[in-house]
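Computed from the coordinates by the stated procedures, all read-outs in this text should not be read as laboratory data. If you're wondering where the values come from, they're calculated on a predicted model, not measured in any experiment. In this analysis, Cβ positions are derived from the backbone assuming ideal geometry, glycine residues included, and neighbour counts consider all displayed protein chains.
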Amino acid sequence: MEASSRLDKLRKMLDAEPGDAFCLYAIAQEHARLGDANEAIAWFDRTIAADPTHAYARFHKAKVLEGLGRIPEAIECLREGLAAAESARDGKAASELAGALASLAP
């Protein structure tokens, strides 16, 4: 499926359910996959606003920030994600976030 077609479908789904964190996250991931970092970050932020416990949105936002060389922001994002994962008792996400944080933070 072509990227613009995927984005169109996701946006139509989002139109039907504007606060759907799954759709917001999927749109963010699609922009990240396409290399549109600033748009991806904006959509990850919308995902986090819709679902403050969404640890993976923070994880992937941090990866985009890291790719842009914005390491301090990436570290902060990972810390917030780790706190969200721990409060949600999501051990898998917490482990992945902690590993990513350890690789960036001295």
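Structure data summary
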quantity: Residue-count net charge about PRO18 - beta-carbon cut-off 14 Å; Lys, Arg +1, Asp, Glu -1; calculated: -1
quantity: Theoretical FRET efficiency, 1/(1+(r/R0)^6), r = Cβ-Cβ of ARG89 and ALA49, R0 30 Å, to 0.05; calculated: 0.85
quantity: Angle in degrees between helix 55-67 and the longest Cα principal axis of the chain, rounded to the nearest 10; calculated: 80 degrees
quantity: Residue-span extension gain [ARG70 to LEU34] - 0.36 nm each, minus C-alpha spacing; calculated: 11.1 nm
quantity: Mean separation of Cα contacts under 8 Å, 6 or more apart, over the residue count of the chain: relative contact order %; calculated: 18 percent
quantity: Cα-projected label distance for ALA98 with ALA16, points at 7 Å along beta-carbon direction, nm; calculated: 3.9 nm
quantity: Calculated FRET efficiency for the pair SER5/ALA42, C-beta based, R₀ 22 Å, to 0.05; calculated: 0.55
quantity: Using alpha-carbon coordinates, inclination of helix 3-16 to the longest axis of the chain, degrees; calculated: 90 degrees
